[in-house]
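The values are calculated or read from the model by the stated rules, or taken from the named source; none is laboratory data. The shown structure was predicted, so the numbers you read here are calculated from the model rather than taken from an experiment. Cβ placement follows ideal geometry from the backbone for every residue including glycine, while neighbour counts extend to all protein chains displayed. Calculation scope for accessible area: heavy atoms of the full protein, side chains included, ligands and nucleic acids excluded. Shrake-Rupley method; radii C 1.70, N 1.55, O 1.52, S 1.80 Å.
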Amino acid sequence: MKKCIFYSLLAMAMLFCSCQNGNNENNSNQILATIEAFGSEEEGPIVWAPQSQLMSWDDSLTSQEVTVALVSDDTLSCRLQLADNSAHIGVCHLVYPASAYVGQGLVNIPALQNGNANLADLVYYAELQDGKAYFKPLGGLVQLHLTTQERLASVMFITSDTNLYLAGNFQVSNYPAPVLNFTDKSEKQITVQGIEEYDFNEGYYLYIQVAPGCFNTFQVVLQNTDGKKCTKTLKDDKYFQVWRNQPSLISLGDSSNVLIFE
C-alpha cells in the first residue's frame with residue numbers, strides 16, 4: 001500500500017511539473033525578443049534594462065504596456081511581459097521605448113533631444129510573428145563632430161526638402177525592413193539641448209537620432225550660451241544621406257576652419 005501511495009504521489013508531482021513547464025514555455029503573456037544591432041544586420045545584445053517599458057498595439061489600435069521581464073544571461077534576447085493575453089486583431093506592433101508610441105498607430109522620433117543619444121535611447125520597432133519579435137532600429141544616428149572654443153547651448157538640424165522630415169510622428173510600413181512614412185505631425189527640425197557642459201575645444205562627438213532620408217537641403221545651426229549663432233548650409237550640388245540603422249558623419253570646425261558665431 002505504501003508503495004502504491006508513493007508511486008501515485010510521484011506521478012502527480014511529475015504531472016504538476018510537466019504542466020508548469022508547459023505553461024512557462026507557452027505563456028501567451030510573454031514574447032521572446034531579439035534586436036538588430038545598430039550598424040549591423042545581425043542580432044545584437046539587448047540594450048534595455050529589466051522593467052523598461054514598451055508599447056504594443058494591433059490593427060484595432062488597441063494598445064497596452066509591455067515590460068522587459070527578463071534579459072537572458074548572454075544578453076542576446078529578452079522576455080517581454082504583456083499586460084494581458086487578449087487575442088490581437090490583425091498584426092501586433094511593438095515599439096521601444098513606450099514614450100515613442102503616440103497613438104493611432106504612429107511612432108515618434110523626438111524633435112527635441114537632450115544631450116547625446118545612446119543605443120538605449122533609439123526607437124526600435126517589431127511586429128509579432130509566431131510569439132517572437134525581432135526589433136529593428138527605425139532611425140539613423142548623425143555623428144556630429146564639432147571643434148570650437150565656444151560653449152554651446154544647442155544644435156539644430158533643419159531641412160526644407162519637400163516630403164522629407166527629420167523627426168516627429170511617422171507611420172511604419174514594410175517590416176522587416178521598416179520604412180517611416182511622414183504624417184502631418186512630422187517635423188523638419190531637430191533641436192539638441194543640454195550640451196552646455198560638453199567640451200568641444202579638442203573636438204567632441206554629438207550623437208543625434210534622425211529619421212532616414214536623402215536630404216538635398218540641410219542646415220546645422222549652432223548656438224552658444226551667449227545666444228550667438230553659427231550656421232552651416234549644405235551646398236547646392238551636395239546631398240546628405242541618413243540611412244536607417246547606420247551612422248552618418250558631419251564634421252565642423254578645425255584649426256584651419258574656425259567656426260564663427262555672430
*Being touching a strand residue (DSSP E or B) at 6+ places or on another chain (Cβ under 9 Å) and either open to solvent by 70 Å² or more (accessible area, probe 1.4 Å) or at pLDDT below 95 (or both) is the filter; apply it to the range 247-260 and report the residue that is farthest from Q149 (Cα to Cα).*
L249
*Given the conditions (1) under 19 Å from F182 (Cα atoms); (2) open to solvent by less than 20 Å² (accessible area, probe 1.4 Å), report the number of the one that V221 does not fulfil.*
(1)
*Taking the condition under 15 Å from the mean Cα position of the chain (by Cα), surrounded by 14 or more Cβ atoms within 10 Å (Cβ to Cβ), farther than 30 Å from D226 by Cα and not aromatic (F, W, Y), does V172 pass?*
yes
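Residue by residue, here is whether (1) of a type in the set (S, T, Y); (2) touching a Phe, Trp or Tyr at 6+ places or on another chain (Cβ under 7 Å) holds:
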position: L112; (1), (2): no, no
position: Y125; (1), (2): yes, yes
position: D130; (1), (2): no, no
position: Q149; (1), (2): no, no
position: T162; (1), (2): yes, no
*Can you name the condition, by its number, that F200 falls short on among (1) more than 29 Å from G103 (Cβ to Cβ); (2) open to solvent by 10 Å² or more (accessible area, probe 1.4 Å)?*
(2)
*When the residues of the range 53-68 are filtered to those that are under 10 Å from Q104 (Cα atoms) and open to solvent by 50 Å² or more (accessible area, probe 1.4 Å), which remaining residue is modelled with the lowest pLDDT?*
T62
*Residues being in contact (Cβ under 8 Å) with a residue 12 or more places away in the chain and either in a loop (DSSP other than H, G, I, E, B) or farther than 22 Å from F38 by Cα (or both): count how many of those fall in the range 196-220.*
13
*Considering every residue within the range 243-253, establish whether at least one is over 28 Å from P137 (Cβ atoms) and part of a strand (DSSP E or B).*
no
*Filter result for the condition that a residue is out of contact with any Asp or Glu (no Cβ under 7 Å at 6 or more places or on another chain) and open to solvent by less than 30 Å² (accessible area, probe 1.4 Å), over L141, L128, L164, L119*: L141
*Please give the number of the condition R79 fails out of (1) modelled with pLDDT of 95 or more; (2) part of a loop (DSSP other than H, G, I, E, B).*
(2)
